[in-house]
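Visitor: Handing you a structure now.
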Amino acid sequence: MPVGPPWERELFPCIRQSWLIVTLAALLVHTCFSLEVSVGKNPHIKARNGTDINLPCIFSTCIGFEDVTFRWEYTFNQTSKPEVLYHGKLKNKKSLPKPEHIPNKNYRHDRITLLPSNNTKDYNLTLLLRDVEFDDAGRYTCIVTNKKEKDTTSNATVFLTVVDKFEVVDNTLTLIIVGVVGGVIGLLILILIIKKTVSFIIKKKCDKKKDCLVSSSVNDNTDNASKQEAKAKPKA
């Protein structure tokens, strides 16, 4: 608890609240204005040898963008030297990306095309890789820098695996398990239905038996009463 004159004790909580408000506002501004690059929900892509594949990349920012520079880099693993596949600039959302010259091109560059962006709040920098080869397997990183956010840079990576053919998943065991579980559930339902039916039949028989006993008892009581009345009458 602060010790001092009364005006200091009154001012201290106000200063603490002010700092808290400034901190929260800074966090909100950073979250809203921060550049974000994404390659989708699943960064691991599997492609068959000889087919075409899309390497997704979209970026977004709350305050918009201008004079964006971006590039795609390929590395076989984390220790290998990056290879620039595509390098371009983007003036704003209404303009088209302009590719820049890349020295030391190789066989992979001739099979790469930047797909056009769609009309969404995010800008699309998806790369099309044609005629995928086994040597194309590796890490593809999309790197974006936004000048409007003081050259803030963000990136995301796609991991590509190339296979000769897709493996056919054997679902025999799964089907057997599903069949057994379904059979057990069906058997339990059948037993429950039989139990309910038998209980209903037994209840009906008991109710009918009770009705018969009650009716017989009433008739016996009536006969006994008649006999007693006949005995009670005096002889003429």
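Visitor: Beyond a 22 Å Cα-Cα separation, which of these cross-linked pairs lie in this structure: 93/150; 94/147; 105/165; 98/147; 91/150; 93/148?
Guide: 105/165
Visitor: So how much slack lies between residue 87 and residue 48, counting 0.36 nm per residue of separation and subtracting their Cα-Cα distance, in nm?
Guide: Here the segment from residue 87 to residue 48 would lengthen by 11.4 nm.
Visitor: Here's a follow-up. With a 1.4 Å probe and all protein chains in place, put 127, 188, 114 in order of accessible area, largest first.
Guide: Working: 127 0, 188 110, 114 30 Å².
If we order 127, 188, 114 from most to least accessible, we get 188, 114, 127.
Visitor: ³J(HN,Hα) across region 173-186 via Karplus (A = 6.51, B = -1.76, C = 1.60, θ = phi - 60°), whole Hz, x for Gly/Pro?
Guide: Rounded to whole hertz, the list is 4, 4, 5, 5, 4, 4, x, 5, 4, x, x, 5, 5, x.
Visitor: Taking 0.36 nm per intervening residue step and subtracting the Cα-Cα distance, what contour gain separates residue 106 from residue 151 on full extension?
Guide: Length gained, residue 106 through residue 151: 13.2 nm.
Visitor: For the residue pair residue 165 and residue 128, what label-to-label distance in nm results when each label sits 7 Å from Cα along the Cα-to-beta-carbon direction?
Guide: Here the modelled spin labels are 2.8 nm apart.
Visitor: How high is the relative contact order of region 83-134, in percent, with contacts defined as C-alpha pairs under 8 Å that are six or more residues apart?
Guide: This gives 26 percent for region 83-134.
Visitor: Can you find, among 84, 39, 63, the residue farthest towards the positive end of the dipole of region 37-85? Put +1 on the C-beta of Lys and Arg, -1 on that of Asp and Glu.
Guide: The residue sitting farthest along the positive end of the dipole is 39.
Visitor: Could you rank 142, 62 by how accessible they are, 1.4 Å probe, largest area first?
Guide: Largest accessible area first, the residues go 62, 142.
Visitor: Separation between the residue 188 and residue 174 pseudo-spin-labels, each 7 Å from Cα along Cα→Cβ, expressed in nm?
Guide: If labels sit at residue 188 and residue 174, their model points lie 2.3 nm apart.
Visitor: Something else: Could you estimate the translational diffusion coefficient of region 40-113 from the Stokes-Einstein equation, with Rh from the Kirkwood formula over C-alpha pairs, at 10 °C and 1.306 mPa s, in whole µm²/s?
Guide: 108 µm²/s
The values are calculated or read from the model by the stated rules, or taken from the named source; none is laboratory data. In this text the structure is predicted, and so the values were computed from the model without any measurement. Note that each Cβ is placed from the backbone with ideal geometry, even for glycine, and that neighbours are counted across all protein chains shown. Heavy atoms of the whole protein, side chains included, go into the accessibility calculation; ligands, DNA and RNA do not. Shrake-Rupley method; radii C 1.70, N 1.55, O 1.52, S 1.80 Å.
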